[in-house]
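Reviewing the structure listed below.
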């Protein structure tokens, strides 16, 4: 029994030691439009623009667009984000979720997945992470229109070697 536990712990620690954490931060402004269709159905469109950085030393601009829908207490969302860095490499990541909450707040935690990328970000396709968003100075503009400033932080684990390849990527001349 001791051998099994020691083997398991050795493998677990080897995985932890050989993994890096990608951390990203974004700050921007978002706009939402809420359509209350009935007591049981609400539809929301979302748009945001941001600037972002990560712990690999990259930075750039981003745009996100998508929808959130609540039908009979079940919420589903589908938001696509397009990030472009200073070297014009692109990264597309998607927030797609469903739950049994009717919370319309833009703050909270979300899971995301990288669905496409160019240049250094090709290796991130399939990468999954978790993130948190905080709404800052939300404003009701009337007629179902809202805007706010926000901060967003995301992270996820990857092998050290992948982290280093992406960080040290050089474009072909």
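In summary, residue 164 fulfils each of the numbered conditions (1) surrounded by 16 or more Cβ atoms within 10 Å (Cβ to Cβ); (2) outside any strand (DSSP E or B) with the single exception of condition (1). Inspect all residues belonging to the range 14-37 and state whether any of them is farther than 30 Å from residue 152 by Cα, assigned to a helix (DSSP H, G or I) and modelled with pLDDT under 95. Yes: one or more hits.
The values are calculated or read from the model by the stated rules, or taken from the named source; none is laboratory data. These numbers come from a predicted model, not from an experiment. Cβ: placed from backbone, ideal geometry, glycine included. Neighbour counts: every protein chain shown.
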